[in-house]
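Encoded as structure tokens, the structure appears first; notes follow it.
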Amino acid sequence: MRWLEKIDPEIYQLIKAEERRQYESIRLIPSENYTSAAVMEATGSVLTNKYSEGYPGKRYYEGQQYIDQIENIARERAKNLFKAEHANVQPYSGSPANMAVYYALLEPGDKIMGMSLPHGGHLTHGWKVSFSGRFYQSVQYTVSKETGRLDYDQIREMAKRERPKLIVSGATAYPREFDFKAFGEIAQEVGAYFLADIAHIAGLVVAGVHQSPIPYADAVTTTTHKTLRGPRGAMILCKASHANAIDRAVFPALQGGPHNHTTAAIAVALKEASSPDFIEYGKQIVRNAKVLAEALLEYGFSLITGGTDNHLILIDMTSKGVTGKQTAKALDRAGIVVNYNTVPFDPRKPFDPSGIRLGTPSVTSRGMKEEEMRLIARWINEVVQNIGDEERIQRIKNEVRELCHHFPPPGISL
Ligand SMILES: *Cc1c(COP(=O)(O)O)cnc(C)c1O
């Protein structure tokens with residue numbers, strides 16, 4: 001980055017500092033990851049200079065000799081990897097991808113049914129402060145109070161009662177596997193479309209550790225930067241019968257020119273995700289999460305649903321006598337980065353909730369395994385028991401930094 005250093009030393013220094021932070025901390029935010037150097041090279045390429053409104057073979061600008069090939073490769077790789085009939089790789093991110101599916105399949109004011117945000121759903125699944133709760137009539141299902149899990153009988157009953165035009169599955173804070181087949185059947189029973197949003201778990205689906213929604217869903221959306229470990233972006237995979245409507249919703253209805261540098265980086269990430277190494281990566285993410293969960297349970301932490309099937313863990317901190325925010329802030333000072341999060345039926349407010357959310361995609365990318373997970377659980381416990389003891393927290397931070405130097409993350413060399 002020698003040009004950046006010369007032209008804008010202020011931004012250069014901040015990027016270098018962020019690079020060091022990512023290198024020297026244990027990043028447990030489940031939606032984050034480390035992309036490869038190859039993905040970053042594609043993201044930082046001249047493709048950012050090019051306008052390409054339209055789709056391969058049908059553009060509104062000339063000079064698409066290479067861009068068309070890149071987008072075709074990205075689309076083909078996406079279709080092959082997920083065994084989908086059609087792929088659109090242009091959505092700018094996960095939220096616009098969901099917006100495009102609604103735009104393609106619904107009219108404003110139609111009824112959608114998604115998982116409630118405080119129970120783990122995403123803003124774009126019909127939450128009231130989102131466009132999705134404003135432009136559509138929204139009804140929301142929750143997890144069961146007894147188990148913390150989705151109750152498919154309850155979801156079926158609600159669908160029969162409410163008759164939504166579209167049902168969404170997917171979550172940002174649900175530690176268990178989804179039954180996409182059940183969602184597909186419920187949607188069929190009530191004549192609704194089924195959208196499966198796999199933003200968090202796409203990498204686990206690719207690795208075969210979680211069920212794929214492709215056979216059951218009208219459309220599947222995913223971000224490309226979470227467990228899929230690509231650039232910031234998104235894709236929509238759908239049945240051939242919806243291809244035209246989906247493509248027209250992304251462009252020209254909602255977006256202008258695609259971000260070609262991102263498209264190329266998505267292609268690179270999809271190639272990486274097609275390798276046997278990636279399948280092993282996906283499996284290790286889950287093994288790591290299960291070991292981390294076990295160890296935290298042994299320290300007396302209260303895990304929502306009592307454990308995890310995927311890459312993430314949701315903890316109710318109430319029994320430890322601290323809030324989610326206090327915990328997250330103390331852990332951050334120790335170099336362990338999580339986020340505070342609501343837990344189902346949380347009596348506290350979203351900006352100061354009872355829980356924390358953590359996950360293993362990033363630490364697994366840097367090669368950490370079961371042994372390191374037990375160590376991380378020990379540090380988490382030590383921090384929580386010593387909130388306010390800054391000297392102790394600083395000592396843990398030093399240990400964390402030392403461990404991190406033994407596990408250099410992809411894409412960063414200090
Ligand atoms: C992250 C996420 C999104 C949105 O992605 P952005 O890229 O942040 O817009 C949508 N749905 C789910 C389930 C997510 O986890």
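Percent of Cα pairs in segment 41-96 per distance bin of 10 Å, from zero to the largest separation: 21, 51, 28, 1. In this calculation the C-beta distance from ALA240 to ALA182 is compared with R0 = 35 Å, giving a FRET efficiency of 0.90. If contacts are Cα pairs under 8 angstrom and at least 6 residues apart, what is the relative contact order of segment 268-414 in percent? About 24 percent, as a whole number. All C-alpha pair distances within segment 1-109, sorted into 5 Å bins from zero, spread as 2, 8, 11, 16, 18, 14, 14, 10, 5, 2, 0 percent across the bins.
Looking at the chain, the DSSP beta bridges with both ends there are about 55 percent antiparallel.
For segment 168-298, the Stokes-Einstein estimate of translational diffusion at 4 °C and a viscosity of 1.567 mPa s comes to 80 µm²/s, using the Kirkwood hydrodynamic radius over alpha-carbon pairs.
Per the Debye formula on identical point scatterers at the alpha carbon atoms of segment 50-273, with no solvent, log10 I(q)/I(0) at q = 0.11, 0.15, 0.18 Å⁻¹ is -0.50, -0.92, -1.30. Expressed as a whole percent, the accessible surface of the chain that belongs to carbon and sulfur atoms is 50, based on a 1.4 Å probe.
Using a Förster distance of 30 angstrom, determine the FRET efficiency expected from the C-beta separation of LYS145 and ASP110, and round it to 0.05. All intermediate terms of the calculation are to be shown ahead of the outcome.
Numbers: r = 29 Å, r/R0 = 0.98.
Efficiency computed from Cβ-Cβ geometry: 0.55.
Think of the chain as a dipole: +1 on every Lys or Arg Cβ, -1 on every Asp or Glu Cβ, centred on the Cα centre; then among ASN88, ALA245, PRO215, ALA245 lies furthest on the positive end.
Let me know the longest stretch in the chain that avoids all GluC sites (Glu not before Pro) found in a DSSP loop with at most 11 other C-beta atoms within 10 Å. Before the final figure, lay out each step's value.
Details: sites that count: GLU62, GLU146.
By the stated rule (loop sites, at most 11 other Cβ atoms within 10 Å), 147-414.
State in Å² the accessible area per residue of the chain; use a 1.4 Å probe, count heavy atoms of protein chains only, and round to the nearest integer. Don't skip to the answer; put the middle values down first.
Numbers: 18120 Å² over 414 residues.
On a per-residue basis, the chain sits at 44 Å².
Averaging the Cα positions of each part gives two centres, and for segment 328-352 and segment 241-280 these lie 32 Å apart.
The charge dipole of segment 362-411, taken about its Cα centre with unit charges on the Cβ atoms of Lys, Arg (+1), Asp and Glu (-1) only, comes to about 140 debye.
Taking every full run of DSSP H in the chain, the ones that stretch at least 20 Å from end to end by Cα along their long axis and average -1.0 or higher on the Kyte-Doolittle scale are 65-82, 276-298, 370-385. For GLU19 and LYS349, a Förster radius of 30 Å and the Cβ-Cβ distance give a FRET efficiency of 0.30, rounded to the nearest 0.05. Oblate is the label for the chain, because the ratio a/c of its alpha-carbon gyration tensor axes (a ≥ b ≥ c) is 1.5 or higher and a/b is not greater than b/c.
For segment 308-326, the residues whose amide N sits under 19 Å from a probe point set 7 Å from the Cα of LYS283 along the beta carbon direction are 309-312. Let me have the 222 nm mean residue ellipticity of the chain computed from DSSP H runs of 4+ only, each contributing -39500 (n - 2.57), with the sum over all residues rounded to the nearest 500. Calculated from helices alone, the mean residue ellipticity at 222 nm is -13500 deg cm²/dmol. Only Lys, Arg, Asp and Glu carry charge here, each on its Cβ (+1 for the first two, -1 for the last two); on that basis the chain has a dipole of about 320 debye about its Cα centre. DSSP beta bridges fully contained in segment 50-273 are about 40 percent antiparallel.
The values are calculated or read from the model by the stated rules, or taken from the named source; none is laboratory data. Quick caveat, the model's predicted, so the values are computed rather than measured. Cβ sites come from the backbone with ideal geometry, for glycine too, and all protein chains shown count toward neighbours. Remember, those area values only see protein heavy atoms, side chains included, never the ligands or the DNA or RNA. Shrake-Rupley method; radii C 1.70, N 1.55, O 1.52, S 1.80 Å.
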